[in-house]
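Peer 1: Encoded as structure tokens, here's the structure I'll be asking about.
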Amino acid sequence: MSRVVRFSLSLLTALIASALVAQDVSSFEKKTHVKTLANGLAIVVCERHEAPVFSFYTHVDAGSAQDPKGETGMAHMFEHMAFKGTPTIGTTDYAAEQVALQREEATYLTLQRERLKRVGRDPKKIEQLEKEFVQAQEKADKYVKKNEFSEIVEGQGGQDMNAATGEDETSYFYSMPANRLQLWAYLESERFLHPVLREFYQERDVVFEERRMRTDSSPIGRMIEQFLATAYVAHPYRNPNVGWPSDLESLTRTDAQRFFDTYYVASNMTIAVVGDVKPDEVFTLAEKYFGRLPAKPKPEDLHTTEPLQVDERSITIPEPSQPIYLEGYHRPDYRDPDDAVYDGISDILSDGRTSRLYRSLVRDKKIAVTAVGFTDFPGVKYPTLFGFYAIPVQGHTTAELQTAFREEIERLKTRDVNDVELEMVKTRAKANLIRGLGENNGLAAQLAIYQARYGDWRELFYNIDRLQKVTKEDIRRVANKIFTPTNRTVAVVQTVKPAAPPSGPGGGQ
Amino acid sequence: MRERIYTRNIPDPTSTPNSRVLAKCLLIGWIIVSACGLLLAQQGWQQVPIPPLSSFKPQEPTRIQLPNGMVIFLQEDHELPLISATTLIKGGSSSEPAQKVGLISIYASTWRTSGTEKKTGDQLDDELESIAAKIETGGGVDTTSINFNCLKQNFDQVFADYLDVLEHPVFLEEKIALTKRRLETAIARRNDEIDSIANREAAKLGYGKDSPYGREIEYWTVAAVTRQDLLDWHTRHFAANNIIFGIVGDFDSKQMESRLRQAFGSLPKATPYDPPKIPVVGPKPGVYLAEKTDVNQSEIAMIGVGIRRDNPDYFAVRVMNEIFGGGFSSRLFKNLRSKQALAYSVGGGIGAGYNHPGLIDISMGTKSGSTAKAIAGLYQQIQDLLKNPPDETELKQAKDSILNGFIFAYDSPDKILGEQLTYELYGYPKDFLERFRGAVEKVTSADVHRVARKYIDQSKLAVLVVGNPKDFDKPLEEFGPVTKLDISIPTAPPRPVAAGGGR
């Protein structure tokens, strides 16, 4: 099929798809409603009566970028604590437990102070305090009804209960049978009205295991941590969201409470509910339950802005594992007028087997098994990075990948993308939007995120409109703006020790 | 009968322990007063009313069988202007030759990407991407598959391409080479991440290193696969009576049915697929160590033989799994994670396959320095499970989780379609899901205890540890003789003469 025919074909379908999107905004407006409670909490409700179930997504506008100094990992640590219950859930005797928890905390703070002393640290005293701390911990633990909060949700049919902490935001979500709407409103509001941070120090150890799994024991995890610490010098995006080990092992329950008091305020939270629910009913329940959260001003945002990079940065990470290549370029945050242009570039480079990087590095040059360019790493809320990542085919080097990436970047900077490519991106974005509307949980996440980030869930649709307006000139202009050597950070995983010698013939166990 | 199962009202929880809490508060001194006030001001969660779940009769797909034996399921879903479909063809990696392990991977990756006589795969990529449609092929243990997904208005174009790929694949050498490069690279990297080692070695221990369920792709088995093998596979398996087709989306079933009859009615018939008989003997008990020096966490997995899903004990096993290692409220999670803080990732139970036994897989990740402690902890949990039946509270919690969440097994037309395709493939009754619900309701504490004892025997488990032994809290020999697994990546096959090496 000739290019011309293909192009007109895609134009036609683009027109049809465009009509579909317009229709969807208006049909969505009929079934999607927003209400901001007096305390500032925003609720988005979208009706989808396909089955008697619903999903929700609670979005808290604080992520690891909000971790206080010396407390990296705190946003994530608090996320874990939000499963520990309340004064009525998770305890056999709250009053007695509170006394025990206070004792535990006082002991821990004394211990920590002693441990951190530069002069006059007393090992005996530390040993004694450690003993006391363990005893205090055991005492408090006696009152705990393990995981009662989760047990209620699961026992009532809750599905896929989980939470996530990113650099920008923290989210909590699950799905429930529709007749548990009120129970959900009760549980979710209680959890943020008066969370009890019980089992804090045990959970800190659990989180440390999470760090070992995701970062310490994984070559990719180790690389990403080093890469971000290299790409950023000032902004907290330089810190791992699970926390640096030394910070993580000295977080305290007092710190966590302070973090909660500052960031988990109604005006900093957005909730979306999608499914077999009636908006009026959700709003009434929201008033009743979430209306109890105290009204406090939205916390002040970060001051730190990443300064302009002065020269290329790079890091080589020696590893026993196979090579990996990653490079990134600073780009503005999601409110930048060119935000959609970055989406377009990323799609042209990476989406599917028609993408430039696949065709060039994987199919034609045969040097990579995976090669992608991606926008918005590690976050979106603050100036972030546009990254390139590749895994070389066995026998090829990361230097070859680097050269190939640079050629593709040069092509973006010096030659217009062709119309077919650009049209493909636009059509795909519209179709993907439609595909995303058919699932309660995915839709709840999207609505909450867009409502929180832009103050209007409709931006989910307008974002696609903005992408439709991206031109070839935009792509060249933006590529020339950010893809410069002095704006670049490179990380390479380099194999230091050859893989263990192949076992000879007959070499079994 | 079916209606009742789906429309059944879920009883409200009745207990009201709030009064007990209140009484206790009144007995203790002033410090509690504020807490009491708190309790009075709000009600406990049990006080929150739960109305009956509104009646819901999910729409079952229509099943038709063509004269040539092909089975078709149609499921209308008019919510969005989309249509998607999948074709399952019987026969997968469980019947690929041992010297050509990876054949199905290569087949699945090159079937669609090579395209047909009419259009190359690259041409298809261009055309489909320009209308945001997908046609993709896949391969699994028991089937190969080809599916599509498109906007409704592109159906004609996409379906024509789909049929062409389905019936006339060409398997281009260049795409075969591309896939082989990817597989060889994956082999070279298979020891980089700890979980990939653990998953692989667990399957090898559980099913045997030569079993189709446990064996690995190797450099020489990838090299041995030829284009002719792929063409032969297609010729052998592509026959109407080996195919199950399911379609879901925004269409009219009557019209679609005649369309499909026209498209598939003339497909040839062949001798029905005869699935391989694969014995599952289970692991050789003992402790196995795969050493990895660049980690500070051990991955531990206790492996044994599970059951098939058509086993009448499946329902009790499902409840047992929920109690033992299912969600946040399971024993493993509560005791080893929340209480002892030994793990972030912990869970497991008795696996159940549709046509062969799944594996018992009880696993956790723990810091190197608590490896022995974690193994002892897992043993303790297993012993507790075998010693006493669960109490009524635990049983109720587990059954409530399954039954109250049951609606999520059929809350969308495509999930229901997916279930029906699976039942058809493995010859399960089409009302298996409904039977499941009824059977779970009847499971007793004694049933749970009985199946735990019947299927789990600590002395028969293989204990796999992937980790860095120099940092372990105790040598693994504490738990019995240790077999060191050689995970180095061989470049040539072991010579058959040098037998005795393999297990």
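Peer 1: Within 10 Å, count the other beta carbons around each residue, average over each peptide in A:40-53, A:472-485, B:403-416, A:299-312, and list them highest first.
Peer 2: So the order, starting with the most tightly packed, is A:40-53, B:403-416, A:472-485, A:299-312.
Peer 1: With Cβ to Cβ distances under 12 Å as the rule, what net charge do the other residues near B:GLN458 carry (K, R +1; D, E -1)?
Peer 2: On the way: positive: B:LYS387, B:ARG453, B:LYS460; negative: B:ASP384, B:ASP457.
With Lys, Arg at +1 and Asp, Glu at -1, the net is +1.
Peer 1: Given a cut-off of 18 Å, name the pairs among B:LYS90/B:LYS277; B:LYS292/B:LYS367; B:LYS204/B:LYS454 whose C-alpha atoms lie farther apart than that in the structure shown.
Peer 2: Working: B:LYS90/B:LYS277 14 Å; B:LYS292/B:LYS367 13 Å; B:LYS204/B:LYS454 23 Å.
The pairs that break the limit, which is 18 Å between Cα atoms, are B:LYS204/B:LYS454.
Peer 1: What does the charge add up to near A:THR170, with Lys and Arg as +1, Asp and Glu as -1, over the other residues with Cβ less than 13 Å from its Cβ?
Peer 2: -4
Peer 1: Shifting gears a bit: List the DSSP H helices in chain B whose Cα atoms stretch 30 Å or more along the helix axis and whose mean Kyte-Doolittle hydropathy is at least 0.0.
Peer 2: none
Peer 1: First measure r as the distance between the Cβ atoms of A:ARG113 and A:GLU249, then evaluate 1/(1 + (r/R0)^6) with R0 = 22 Å and state the FRET efficiency to the nearest 0.05.
Peer 2: It comes out at approximately 0.90.
Peer 1: Which of rounded, prolate or oblate describes segment A:313-495 when judged by the alpha-carbon gyration tensor and an a/c cut-off of 1.5?
Peer 2: Prolate shape, in that a/c is at least 1.5 and a/b is the bigger ratio.
Peer 1: If the chain between B:LYS209 and B:ARG495 were fully stretched, how many nm would it gain, using 0.36 nm times the residue separation less the Cα-Cα distance?
Peer 2: Separation in residues times 0.36 nm, less the Cα-Cα distance, equals 101.4 nm.
Peer 1: Would you work out the charge dipole size for segment A:86-141 about its Cα centre, treating the Cβ of every Lys and Arg as +1 and the Cβ of every Asp and Glu as -1, and quote it to the nearest 20 debye?
Peer 2: Result for segment A:86-141 is approximately 500 debye, rounded to the nearest 20.
Peer 1: Can you tell me the order of B:132-138, A:393-399, A:68-74 when each peptide is scored by its average per-residue count of other Cβ atoms within 10 angstrom, highest first?
Peer 2: Those peptides, ordered most packed to least, come out B:132-138, A:68-74, A:393-399.
Peer 1: So, one more: Please give the contour-minus-distance gain from B:LYS454 to B:ASP252: 0.36 nm per residue of separation, less the Cα-Cα distance, rounded to one decimal in nm.
Peer 2: Values: separation 202, 0.36 × 202 = 72.72 nm, distance 4.97 nm.
Taking 0.36 nm per residue and subtracting the Cα distance, the gain is 67.7 nm.
Peer 1: How much of the DSSP bridge set in chain B is antiparallel, in percent, rounded to the nearest 5?
Peer 2: Antiparallel bridges make up about 75 percent of those DSSP assigns within chain B.
Peer 1: Straight-line reach from B:LYS152: which aspartates and glutamates have Cα under 14 Å away, leaving out those fewer than 8 places along the same chain?
Peer 2: Cross-link targets: B:GLU76, B:ASP77, B:GLU79, B:ASP250, B:ASP252.
Peer 1: Using alpha-carbon positions, what is the distance between the centroids of segment B:392-457 and segment B:294-339, in Å?
Peer 2: Cα centres, segment B:392-457 to segment B:294-339: 16 Å.
Peer 1: Counting only DSSP beta bridges with both residues in segment B:286-484, what percent are antiparallel, rounded to the nearest 5? Please list the in-between numbers first.
Peer 2: On the way: 20 of 31 bridges.
Of the beta bridges lying entirely in segment B:286-484, close to 65 percent run antiparallel.
Peer 1: Using the Cβ atoms and a cut-off under 9 Å, what net charge is assigned to the surroundings of B:LYS118, where Lys and Arg are +1 and Asp and Glu are -1?
Peer 2: -2
Peer 1: What is the spin-label model distance, in nm, from A:GLU287 to B:GLN383 if the labels are put 7 Å beyond Cα along the C-beta direction?
Peer 2: Distance between the two pseudo-spin positions: 5.9 nm.
Peer 1: So which lysines can A:LYS35 reach, going by Cα to Cα under 24 Å and dropping same-chain residues fewer than 8 places off?
Peer 2: Straight-line reach from A:LYS35, under 24 Å: A:LYS278, A:LYS288, A:LYS296, A:LYS298, A:LYS381.
Peer 1: Shielding by partners for A:318-324, please: the mean number of other protein chain Cβ atoms within 10 Å of each residue's Cβ.
Peer 2: 3
Peer 1: Could you work out how far the C-alpha centroid of segment B:359-382 sits from that of segment A:307-326, in angstrom?
Peer 2: 36
Peer 1: At R0 = 41 Å, how high is the FRET efficiency between B:ALA446 and B:ASP473 if r is their beta carbon distance? Nearest 0.05 is fine.
Peer 2: 0.65
Peer 1: Calculate the mean, over all residues of peptide A:351-360, of how many other protein chain Cβ atoms lie within 10 angstrom of the residue's Cβ.
Peer 2: On the way: counts 1, 5, 9, 7, 2, 0, 0, 1, 2, 0.
Average per residue, whole number: 3.
Peer 1: Mind checking the mean number of beta-carbon atoms from other chains within 10 Å of the Cβ atoms in B:149-160? Walk me through the numbers before you get to the answer.
Peer 2: Numbers: counts 2, 1, 9, 2, 5, 5, 0, 0, 2, 0, 0, 0.
Mean shielding by partner chains, rounded to a whole number: 2.
Peer 1: Would you please put A:158-167, A:345-354 in order of how densely packed they are, using the mean number of other Cβ atoms within 10 angstrom per residue and starting with the highest? Intermediate values should be presented prior to the final figure.
Peer 2: Working: A:158-167: 18.0, A:345-354: 20.5.
Peptide ranking by packing, descending: A:345-354, A:158-167.
Peer 1: What distance in nm lies between label points placed 7 Å from Cα along the C-beta direction at A:THR484 and B:ALA270?
Peer 2: Result for the modelled spin labels: 6.1 nm.
Peer 1: Let me ask something else. Output the antiparallel fraction of DSSP beta bridges having both residues in segment A:42-292, as a percent to the nearest 5.
Peer 2: Numbers: 21 of 27 bridges.
Just about 80 percent of them are antiparallel.
Peer 1: Here is a further query. So what is the diffusion coefficient of the protein assembly as shown in µm² per second by Stokes-Einstein at 25 °C and 0.890 mPa s, using a Kirkwood Rh over Cα pairs?
Peer 2: In µm²/s, the coefficient is 79.
Peer 1: So who's got an amide H within less than 5 Å of the one on B:ASP77, skipping anything under 5 residues away but keeping other chains? H placed 1.01 Å off N, in plane.
Peer 2: Those lying under 5 Å, H to H, from B:ASP77 are B:GLY249, B:ASP250, B:PHE251.
Peer 1: In whole percent, what relative contact order does chain A give with Cα contacts below 8 Å and a gap of six or more residues?
Peer 2: Over chain A, the number comes to 23 percent.
Peer 1: Given the pairs A:LYS125/A:LYS145; B:LYS460/B:LYS484; B:LYS334/B:LYS470; A:LYS426/A:LYS481; A:LYS117/A:LYS145, which span a C-alpha to C-alpha distance of over 26 angstrom in this model?
Peer 2: Over 26 Å apart, Cα to Cα: A:LYS125/A:LYS145; B:LYS334/B:LYS470; A:LYS117/A:LYS145.
Peer 1: Follow-up. Roughly how many whole Å is it from the C-alpha centroid of segment A:388-407 to that of segment A:197-257?
Peer 2: Taking the Cα centre of segment A:197-257 as reference, the centre of segment A:388-407 is 30 Å away.
Peer 1: For chain B, rounded, prolate or oblate, judged on the Cα gyration tensor with a ≥ b ≥ c (square roots of eigenvalues), a/c < 1.5 rounded, else prolate if a/b > b/c?
Peer 2: Oblate is the answer for chain B, as a/c is 1.5 or above yet b/c matches or exceeds a/b.
Peer 1: Let me ask another. For a test of the definition: using alpha carbon positions, the gyration tensor, and the 1.5 limit on a/c, classify segment A:42-292 as rounded, prolate or oblate.
Peer 2: Judged from the Cα gyration tensor, segment A:42-292 comes out oblate (a/c at least 1.5, b/c at or above a/b).
Peer 1: Per DSSP H run of at least 4 residues, take -39500 (n - 2.57); add these up for chain A, divide by its residues and hand me the 222 nm value, nearest 500 deg cm²/dmol.
Peer 2: -15000 deg cm²/dmol
The numbers here are math on the coordinates, done by the rules we state, and not lab data. Values in this document were obtained by computation on a predicted structure and should not be read as measured data. We place every Cβ from the backbone using ideal geometry, glycine too, and count neighbours over all the protein chains shown.
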